[in-house]
């Protein structure tokens with residue numbers, strides 16, 4: 001059974017600069033939102049412990065650290081991702097049009113075993129600015145349907161007003177867990193050594209909460 | 001990927017006024033003005049940009065390739081073939097063309113207590129990487145592979161020496177273990193600042209063979225010039241080797257999962273989270289100098305538009321600077337071999353370092369072999385990647401690696417490379433160009449770390465603080 005699978009899930013968030021990747025992550029993990037836009041500085045990865053189906057799962061959510069601005073994310077960023085969250089801004093059609101290239105970039109760099117069934121989730125962010133919407137829900141759903149045999153899940157959120165952020169990540173985690181359970185067992189690799197057991201500065205912010213379903 | 005603008009979303013931004021330094025007909029490259037522009041994402045450049053950004057400097061880091069690492073990249077099979085055998089697809093029996101392999105172009109191991117590890121701990125770049133120990137450290141004598149004996153116990157068990165020599169070597173190791181530069185009572189009447197290493201060896205009655213593996217496989221000297229220098233530096237190197245070995249037990253070396261390419265990428269991410277701007281695939285065509293010969297910026301043409309960025313200093317590997325600014329120091333020959341078996345005589349170790357002291361094969365310079373495999377996730381299951389390297393001495397560089405090929409046995413595929421090593425002519429204080437040295441043939445990072453320390457000191461005017469103690473850090477938890 002899946003019980004001996006590792007409980008650490010690496011999740012990466014991709015999308016154009018300014019769509020709200022860091023805000024979504026901060027809202028989900030720290031329940032915080034800042035109105036001041038700063039091209040991401042200082043965001044690394046956030047970790048969050050969560051319980052799903054009585055199992056403790058540690059999420060490690062990686063931000064792009066601003067390296068997406070000139071498409072300069074390296075292979076180590078993508079490596080080992082268990083799920084990928086694609087984000088666009090519903091008021092910015094260009095950020096929607098870039099989704100294909102972000103998805104392709106991910107599949108190329110991460111080279112998952114089963115690219116057709118790799119868990120992507122699409123987030124249309126900034127629904128708090130509904131009046132400025134330039135990408136229809138219909139168009140986004142159409143895009144999700146056109147990728148692979150099973151449609152990509154689509155959720156519209158507001159990181160600013162904490163609308164559906166929790167639910168979006170829950171969806172991501174569940175898909176990541178299913179994907180992780182379907183992976184062939186890895187070849188035996190002995191445990192790596194620990195150079196330093198010092199925790200990341202962000203782990204102190206992590207919280208345990210329950211998301212039983 | 002297609003080009004897309006930064007800072008999407010909020011539209012309606014007022015364009016900044018055109019700065020007066022921007023030459024006519026040129027646009028700003030990225031944000032235009034920076035404290036430092038770093039060119040090439042090799043390990044040395046990546047450590048520098050990471051450190052400078054943590055000091056609060058605004059850094060633009062560019063690379064002409066579409067991947068991180070420059071000469072220090074770890075390539076998958078497809079990229080490896082593109083580089084060495086353009087137009088030829090990878091042999092299917094080797095494994096998956098993009099997933100299984102991460103082959104280093106410059107093979108090196110990290111000394112567990114060495115300066116690169118200190119830099120990783122100091123910057124916490126360790127959080128992006130996983131390391132595993134290297135299974136064994138070996139030295140060749142009379143064509144045979146022997147484990148390097150580094151503890152008094154191992155000294156007594158090794159087949160490298162006869163029974164009396166073993167005791168003398170054990171005495172030598174015990175003296176070293178007790179020696180502390182700060183405590184004169186541990187000197188036992190020897191002044192290692194004045195005594196040469198050869199005199200110290202002779203004082204302990206060690207023969208040439210023992211001197212050879214001690215100096216080359218433990219102190220990691222590249223030739224025999226150290227024999228006539230004061231013993232202290234060599235003694236410190238041996239102590240580093242012994243303490244690194246005691247750390248994890250199997251060998252003094254560690255190596256990152258998925259190859260060395262993760263190192264420059266980790267330091268680059270450190271720079272990015274401190275606000276550094278990264279541009280891969282940036283075709284830098286020119287370093288810009290003012291009338292007095294001081295560098296002030298770089299130019300790159302993208303989508304037909306010449307773009308310029310300005311900075312108070314430029315840091316980079318030699319390939320980004322005009323050839324008049326660097327001079328050759330020699331050549332390195334490297335051979336990357338993919339094999340389906342480990343080395344004979346290493347207990348089937350899945351990763352090893354083997355040093356062939358020059359003297360063993362009538363050479364001046366040592367030959368190094370680094371072998372890693374699937375156990376560090378750099379090759380497909382059952383495959384091994386061994387890289388032999390040496391400093392070139394003749395007009396037939398690859399023939400010089402023959403003693404290494406003899407150890408390897410049959411190989412499935414072999415990629416050869418001979419490259420010039422370059423060093424900067426000036427130290428950069430006058431022209432603001434801080435240029436790194438090419439990577440040498442050594443199979444460890446100690447010389448690399450020394451060059452980074454030198455760059456750091458030239459750039460900041462301060463010595464790098466490497467006082468962090470890897471062993472203390474480990475115990476903190």
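Read-outs: derived from the displayed coordinates by stated rules, not from any lab. Predicted, not measured: the structure shown is a model, and the values here were computed from it. All Cβ positions, glycine included, derive from the backbone under ideal geometry; neighbour counts span all protein chains shown.
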Starting from the 7 Å offset along Cα-to-Cβ, what nm value, one decimal, do you get for the label separation of residue A:7 and residue B:181? 4.7 nm
For the range A:21-37 and the range B:88-117, compute the distance between their C-alpha centroids and round to whole Å. 37 Å
Using a Förster distance of 51 Å, how high is the FRET efficiency between residue B:430 and residue B:191, based on the Cβ-Cβ distance and rounded to 0.05? 0.80
Rounded if a/c is under 1.5, else prolate if a/b beats b/c, else oblate: with a ≥ b ≥ c from the C-alpha gyration tensor eigenvalues square-rooted, which is the range B:53-162? oblate
So, in nm, how far is label residue B:472 from label residue A:194 when the simple model puts each one 7 Å beyond its Cα toward the Cβ? 1.9 nm
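Rounded to the nearest 0.05, what FRET efficiency do residue B:24 and residue A:58 give with R0 = 51 Å and r taken as the Cβ-Cβ distance? Could you check?
Between residue B:24 and residue A:58 the formula returns 0.40.
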A correct fewest-to-most ranking of B:251, B:292, A:101, A:136 by other Cβ atoms within 10 Å would be B:292, A:136, A:101, B:251
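Just to be sure I understand: of the beta bridges DSSP finds with both ends in chain B, what percent are antiparallel, rounded to 5?
70 percent
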Just to confirm the number: angle between the C-alpha axis of helix B:231-248 and the first principal axis of chain B, 0 to 90 degrees, nearest 10? 90 degrees
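Exposure proxy check: B:257, A:25 ranked by fewest other beta carbons within 10 Å?
Listed from fewest to most nearby Cβ atoms, that is B:257, A:25.
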Taking only the alpha-carbon positions of the range B:91-218 as identical scatterers, the Debye log10 I(q)/I(0) at q = 0.18 Å⁻¹ comes out as -1.11
I need two numbers for the range B:148-248: Rg to one decimal and Dmax as a whole number, Cα atoms only, in Å. 12.6, 35
Percent antiparallel among DSSP beta bridges with both residues in the protein assembly as shown, to the nearest 5? 60 percent
Nearest-ten-degree value, helix B:262-273 long axis tilted from longest Cα axis of chain B: 40 degrees
Going by how many other beta carbons lie within 10 Å of each one, how would you line up B:364, B:274, B:61, fewest first? B:364, B:274, B:61
Over the protein assembly as shown, the sum of -39500 (n - 2.57) across DSSP H runs of at least four, divided by residue number and rounded to 500 deg cm²/dmol, gives at 222 nm -7500 deg cm²/dmol
The FRET efficiency for residue B:303 and residue B:406, from their Cβ-Cβ distance with R0 = 60 Å and rounded to 0.05, is 0.70
Would you list the P(r) distribution for the range B:214-346, with all Cα-Cα distances sorted into 10 Å bins from 0 and each bin expressed as a whole %? 8, 20, 27, 24, 17, 4, 0
Evaluate the Kirkwood expression for the hydrodynamic radius of the protein assembly as shown, namely the inverse of the mean inverse distance over all pairs of different C-alpha atoms, and round to one decimal in Å. 27.1 Å
Tilt relative to chain B, helix B:43-54 - C-alpha long axis, 0 to 90 degrees, to 10: 60 degrees
What translational diffusion coefficient, in µm²/s and rounded to a whole number, does the Stokes-Einstein relation yield for the range B:275-316 at 10 °C and a viscosity of 1.306 mPa s, taking the hydrodynamic radius as the Kirkwood radius over Cα pairs? 141 µm²/s
Figure the gain on full extension for residue B:54 and residue B:331 (residue separation times 0.36 nm, minus the Cα-Cα span) and round it to one decimal in nm. 96.2 nm
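Please label the shape of chain B as rounded, prolate or oblate, based on the square roots a ≥ b ≥ c of the eigenvalues of the alpha-carbon gyration tensor (a/c under 1.5 means rounded; beyond that, a/b larger than b/c means prolate, else oblate).
In terms of gyration-tensor shape, prolate.
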